[in-house]
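Just below is one structure, and these are the notes that go with it.
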Amino acid sequence: MIIGDSEHSAPTEARRKAILEAALACFASKGFTETTMEDIRKLSGASTGSIYHHFANKEMLARALYLEGRNSLNAALSTSITTNDLRTGIKTLICAYLDWFERHADLGQYVMQASDSEYLGAYVKVLRQKTMTTLPMENFPEQFFHWLTPAIDNGSVVRLPKALYSPLVIGPSREFVRLWLRTRVAADIQEAREPLADAAWLVLAPPASLHEEIV
């Protein structure tokens, strides 16, 4: 989609997407505080009426952008864990995580920084709590645990407190991505796929299976 398309030729959803893309570009280059709604309007090609029809103010636009990014990442992760082969599923999950950030680096950085920002921190906290209490299956850690449960029950995966599975598996990749976003060298993230996938599997594999692999 070209951000500067004529407003009359763009469907409503395409216009909304163009505004969000323009907001992301402005936030990335100028920062949230220095960006104005007029900056976003000009870059998106929207009229004043159109941009305020979609978003009441800059704060609401920032929230919508965060939600778009979070939902996109969660969807990518959710679709990666559909196999019954655990090791394959873990590798696919880690690769999906890294691939998403490689394809959406600016949006990924925005999502990662949101919880620490003054303008989004409180919203992110409330949203996470709501997801955990009223929409659990929209919460990826819950989905991930649900996928692992049969393997936990039959001993194929080490038994841990429920809250530990997602951070232990995704955590190293998340930290790698934080560092990678500073340089964004494609080769680095490609080379990280196998080691991070192996590390994620080692966290879950019961000691007996690790011994068998070594032998």
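Considering only the stretch 99-193, give the helices (runs of 4 or more DSSP H) lying wholly within it that have at least 1 residues that are at pLDDT 95 or above.
Helices (runs of 4 or more DSSP H) meeting the threshold: 105-114, 140-153, 165-180.
Looking only at the stretch 55-82, which residues are outside any loop (DSSP other than H, G, I, E, B), hydroxyl-bearing (Ser, Thr, Tyr) and surrounded by 19 or more Cβ atoms within 10 Å (Cβ to Cβ)?
The one that is outside any loop (DSSP other than H, G, I, E, B), hydroxyl-bearing (Ser, Thr, Tyr) and surrounded by 19 or more Cβ atoms within 10 Å (Cβ to Cβ): TYR66.
Okay, residues lined up against (1) without any contact (Cβ under 8 Å) to a residue 60 or more places away in the chain; (2) more than 19 Å from THR33 (Cβ to Cβ):
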position	(1), (2)
TRP100	yes, yes
GLN109	no, no
GLN113	yes, no
TYR119	no, no
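For the stretch 40-54, give me each residue that is in a loop (DSSP other than H, G, I, E, B) and surrounded by 18 or more Cβ atoms within 10 Å (Cβ to Cβ).
Filtering the stretch 40-54 for residues in a loop (DSSP other than H, G, I, E, B) gives 45-47.
Result: GLY45, ALA46.
Looking at the stretch 19-39 only, could you name the residues that are surrounded by fewer than 17 Cβ atoms within 10 Å (Cβ to Cβ) and out of contact with any Asp or Glu (no Cβ under 8 Å at 6 or more places or on another chain)?
SER29, GLY31, THR33, GLU34, THR36, GLU38
The values are calculated or read from the model by the stated rules, or taken from the named source; none is laboratory data. In this text, all values refer to a predicted model and were calculated from it rather than measured experimentally. Positions of Cβ are generated from backbone atoms using ideal geometry, with glycine treated the same way; all protein chains shown enter the neighbour counts.
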